[in-house]
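The values are calculated or read from the model by the stated rules, or taken from the named source; none is laboratory data. Worth saying up front: this structure is predicted, and the values here are computed from it rather than measured. Glycine gets a Cβ as well: all are built from the backbone with ideal geometry, and neighbour counts include every protein chain shown. Side chains included, ligands, DNA and RNA excluded: accessible areas come from the protein's heavy atoms. Shrake-Rupley method; radii C 1.70, N 1.55, O 1.52, S 1.80 Å.
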Amino acid sequence: MKYVALNHVDAHFLRDVQPARVASRNERDLLRLIWKSPGIERSDLTEPLDLTQQSLHRIVARLHERGMIVFSHSEGRRPGPPSPKLTLRRNWCLTLGISVNVGSIGLCLMGFGEPLENMEIPQAGDSLSMELERIEAAVEDILARQGAKRRDVLGVGLAVAGHRMLDTAFNCPLPLAHWSLIDLAPLLGERLGLPIWADNVARTAALAEAIFGVGRDVADFAYIAHLHGYGGGLVSGGMPFRGSFGNAGEFSVLFARQDYDDRPALGQLLEYLRSRGRSDLALKDLKNEEMVNWDGVGEWVDRVMPAHNRAINAICAIFDPALIVLGGELPHSLARMLIERTEFNNLPRHGVLRDVPRLAVAEIIDAPGAIGAALIPLFETVL
């Protein structure tokens, strides 16, 4: 990933550098195991890490001395000296995630692998300078509520709706035109005084779902982000797969311009409902779980089902995942309606059907893009 790091001594000195890794490869492997299995006993780590007991004890001791892990003990588990139970120290570091969507900007403050607080501010459609000023104020608010300072933050993940372009620039939907085709990391990094990593908001939402949601036990899955637009992300081996140009999972590319209005994008649903007399609606109103009962929603679902099925079957054919997650800002009731009506292209051969992925509703519904963005600095430097 491209990112920009900011020298904390001289706030005017901006440069592209690779920060030193906080943890070695063996330390990172151990920390990930503890993260996935909090409370795991030290004696249970030797086999999965393929380390000698002496090496394992030395690495654990080093991480404990640095304050990254916490020891606890349980009585009566097995004979012999007790083996300490290991967990990550939540307050060892902080990271920030910022997601820029049509209509809203999400923020997540994360401890050492655990979300502490989410918040959302309106995306007002002002100039980029004014938007960055509002983001900076929101960052100050969320840090203050946790009694933290910017110097406590390891780094910031920035997630933006739009196609990835060069470096940290994105080609965004029309309502985010003032965010488009600008190398954003240097601008935000200079304002916040922190290292910035950037990615597409659908892929960071997929990462959040992989770590904390329905995809946490699935190595390979696809995430469809129903936002103002229609994109997504692919997770392979438990981590995002970005492709050569950083745009793997841009499912809107499946549709020609004449089919664009029939994609199951929430921006298209909003326009459809407005055309039927609901001119008062905004994108945020479509998060309502009762929306499936509104006049016109059933007809819209009929209209977009061919496009939905095309995307589902294209994902099956090309990626062959175990799971496809419907997420973004899609209300669960509407996601279930789409899932119930999904049709797989699965003709039997010799009387046998091929395996198809399970379809599921996303579990991470509050600021998934920001939560996933806050994970990026951890994965780039620690985990």
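Both radii come from the Cα set of segment 210-330: Rg as radius of gyration, Rh as Kirkwood radius; their ratio Rg/Rh reads 1.00. Here the gap between Arg151 and Ser83, fully extended at 0.36 nm per residue and compared with their Cα-Cα distance, gives a gain of 20.9 nm. The helix-based estimate of mean residue ellipticity at 222 nm for the chain, built from -39,500 (n - 2.57) per DSSP H run of four or more residues and divided by its residue count, is -10000 deg cm²/dmol to the nearest 500. Annotation note: chymotrypsin sites (Phe, Trp or Tyr not before Pro) in segment 241-307 located in DSSP loop regions with a Cβ neighbour count of at most 13 within 10 Å are Phe245. Each Lys and Arg contributes +1 and each Asp and Glu -1, all at the Cβ; summed about the Cα centre of segment 95-225, the dipole is approximately 100 debye. When the chain is treated as a GNM with alpha-carbon contacts under 10 Å, the residue of Ala307, Ala362, Ala161 showing the greatest mean-square fluctuation is Ala307.
Among Met130, Met119, Met110, the residue with the largest mean-square fluctuation in a Gaussian network model of the chain, with springs joining Cα atoms closer than 10 Å, is Met130. Using R0 = 35 Å, the C-beta based FRET efficiency linking Glu140 and Arg278 works out to 0.40. Just the protein heavy atoms count here, and of the accessible area of the chain at 1.4 Å, carbon and sulfur take up 50 percent. At a probe radius of 1.4 angstrom, the accessible area of the chain per residue rounds to 47 square angstrom. The Cα atoms of segment 256-300 cover 31, 18, 18 Å along the three principal axes, with the biggest extent listed first. Taken about its Cα centre, segment 170-268 carries a charge dipole of roughly 120 debye when the Cβ of each Lys and Arg holds +1 and the Cβ of each Asp and Glu holds -1. Put simply, the C-alpha atoms of the chain give a gyration tensor, and the ellipsoid matching it has half-axes of 37, 28, 18 Å, longest first. Relative contact order of the chain: 19 percent, from C-alpha pairs under 8 Å at least 6 residues apart in sequence.
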